[in-house]
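The values are calculated or read from the model by the stated rules, or taken from the named source; none is laboratory data. This is a predicted model, so every value here is computed, not measured. With ideal geometry, Cβ positions are generated from the backbone for all residues, glycine too; neighbour counts draw on all protein chains shown. Ligands, DNA and RNA are excluded from the accessible area calculation, which covers all protein heavy atoms including side chains. Shrake-Rupley method; radii C 1.70, N 1.55, O 1.52, S 1.80 Å.
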Amino acid sequence: MIEFLDVSKFFGDHKALDGASIKIESGTTIGIVGPNGAGKTTTLKCLSGLLVPTSGNLNVLGFNPTKRNRNFLSKISLVMGQKSQLWWELPPIETFELNKEIYGVEDKVYEEVVNEMTGILDIGEVIHKPTRNLSLGERMRCEIVAALIHSPELIFLDEPTIGLDVVSQHNLREFIKDYNA
């Protein structure tokens, strides 16, 4: 469950969020929509603990995200279309392996997750090319796999369909629905 109550975030005199509140039950898929500058990314960064709100209360999966507790961090994942967790010079499979080690994922579970996700997202060959050689759409699909290596309870997606064609966008949305189920 997520409770985001009367949260504000200021950057100097600029209000990125002003008293925003939302309560989300476990198992729910939601989308946050709004114009550029509305605070969507700031909200996700606060929920994931990357930003500390100026005021308000946060509870995500029973944790205060601003504390960056290791147990909390192992239960979430954040994919940001504008930021990459993939190592630029290495193929995505090596980032997947690094995440496997960071999160202590067992070999068998890792193999199952990678095989399933690369099949569903149709990136079996792509994961062996250097990230710098991937199209934006290929990179975004690899970002999703990297974020799911540790099977998080909660996934924050910030513009996950950036760079994807209409068919790939539809397939990714269907994948997210199926993954949530």
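A few comments on the model shown:
- Of all residues in segment 59-84, those being at pLDDT below 95 and closer than 22 Å to G19 by Cβ number 1.
Here's the yes/no breakdown for (1) under 19 Å from F156 (Cβ atoms); (2) in contact with a Ser or Thr (Cβ under 6 Å, 6 or more places away or on another chain); (3) open to solvent by less than 80 Å² (accessible area, probe 1.4 Å):
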{"position": "I24", "(1), (2), (3)": "yes, no, yes"}
{"position": "K40", "(1), (2), (3)": "yes, no, yes"}
{"position": "R68", "(1), (2), (3)": "yes, no, no"}
{"position": "L73", "(1), (2), (3)": "yes, no, yes"}
{"position": "L78", "(1), (2), (3)": "yes, yes, yes"}
{"position": "E101", "(1), (2), (3)": "no, no, no"}
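- Filtered residues of segment 85-94 (kept if at pLDDT below 95 and buried (at least 19 other Cβ atoms within 10 Å of the Cβ)): L86
- Hey, V33 under 19 Å from L78 (Cβ atoms) and touching a helix residue (DSSP H, G or I) at 6+ places or on another chain (Cβ under 6 Å) or not: no
To keep it simple, each residue is scored yes or no on (1) touching a strand residue (DSSP E or B) at 6+ places or on another chain (Cβ under 6 Å); (2) open to solvent by less than 20 Å² (accessible area, probe 1.4 Å).
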residue	(1), (2)
G137	no, yes
R141	no, no
S151	no, no
F156	yes, yes
L164	no, yes
Q169	no, no
A181	no, no
